[in-house]
Amino acid sequence: MFSVIILAAGESARMCGINKQLAEIDGLPVFIRSALKFEECGKTAEIIIAAPKEYCEKYERLARDFGITKIKAVVSGGKSRFESVKNALCCVSEECNYIAVHDGARPLISTEDIERVLNDAERYGASIAAARATDTVKIVGKDGFIRTTPPREDVWYAQTPQAFKKEIFVRCAEKIGSQDVTDDSSVLEFCGESVHVTEITSCNMKITRPEDLEAARAISKNKRSVIKK
């Protein structure tokens, strides 16, 4: 079974004073929408939320009020993404042999795509949600000039959830120590472990700026309109 870590401890630095995790989409706080998708997933045994220290009690109360019955704990986030993950790891139950990490700011992921990622993690030992690149990607040097153009078919956008066999992830996390990473699969990559990619089909945008929040609201509204029809 999976222990799911929802990362919701970021500073929302580019949100112009808005706490993106508490901003609502269809009446639900962003991080709650993310957590509910895992609540609905049969492979989820427990949910651990990493929150800003001053909001831990509030986030736990909201989780319970909005029906997150699988909530195990709300922990204080660290100064970096990886610190938040490590803080949450301390609460993972022994009986859970897999870990999944998801950005609380990706509230539009579908439960179907979550299940596909988790199934692949069980099959391969590690798998992440990802989308094929639709733009041509340039590798640029610090001088501002293009160094190379990788084949677009080889380029994927890494997203979350990212899921791993617990034994592998914990061992690699201990090995890299305090080195910071921008996504969780990098922990395994640094240790030479293989990570599978699961192509997802749902919109899985990350809310980073105020306009992203408005876009997510519009997408959610459109989905509801389609379902009603």
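Here, each number is a calculation from the coordinates, and none is a lab measurement. What you see is a predicted model, and the numbers here were worked out from it, not measured in a lab. Here the Cβ positions follow ideal geometry from the backbone for every residue, glycine too, while neighbour counts run over all protein chains shown.
Looking only at region 2-228, where both bridge partners belong to it, what percent of the DSSP beta bridges are antiparallel (to the nearest 5)? If you can, show how the numbers build up before the last one.
Numbers: 14 of 35 bridges.
Once the DSSP bridges in region 2-228 are tallied, antiparallel ones form about 40 percent.
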Exercise. With each label point set 7 Å from Cα along the Cα-Cβ vector, what nm distance links residue 190 and residue 111?
Worked result: 3.5 nm
For this session: Select from 178, 48, 111 the residue farthest towards the positive end of the dipole of the chain; place +1 on Cβ of Lys and Arg, -1 on Cβ of Asp and Glu, and compute about the Cα centre.
Result: 111
For this session: For the chain, set up a Gaussian network in which alpha carbons nearer than 10 Å are linked by springs, and say which option among 121, 23, 45 fluctuates the most.
Result: 23
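Dividing the alpha-carbon Rg of the chain by 2.2 N^0.38 Å yields what?
Numbers: Rg = 17.5 Å, N = 229, 2.2 N^0.38 = 17.3 Å.
Ratio of Cα Rg to 2.2 N^0.38 Å: 1.01.
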Problem set entry | DSSP bridge orientation in region 1-60 - percent antiparallel, rounded to nearest 5 | 25 percent
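Test of understanding: express the Cα radius of gyration of region 158-229 as a ratio to 2.2 N^0.38 Å, with N the residue count.
For region 158-229, the normalised Cα radius of gyration is 1.54.
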Seminar exercise, completed: Taking Rh as the Kirkwood radius computed over alpha-carbon pairs of region 60-183 and applying Stokes-Einstein at 37 °C with viscosity 0.692 mPa s, one gets a diffusion coefficient in µm² s⁻¹ of 194 µm²/s
Problem set entry | Alpha carbon convex hull of region 1-42, volume per residue in cubic angstrom | 63 Å³
Exercise. Tell me, which cysteines of the chain are without a disulfide-compatible partner by the Cβ under 4.7 Å rule?
Worked result: 16, 41, 56, 90, 91, 96, 203
Problem set entry | Within a Gaussian network of the chain (alpha carbon springs, distance under 10 Å), most fluctuating of 217, 64, 152 | 152
Seminar exercise, completed: Among 21, 179, 159, the residue with the largest mean-square fluctuation in a Gaussian network model of the chain built from Cα contacts under 10 Å is 179
Seminar exercise, completed: Where a ≥ b ≥ c are root eigenvalues of the Cα gyration tensor, a/c under 1.5 meaning rounded, otherwise prolate if a/b exceeds b/c and oblate otherwise, region 1-103 counts as oblate
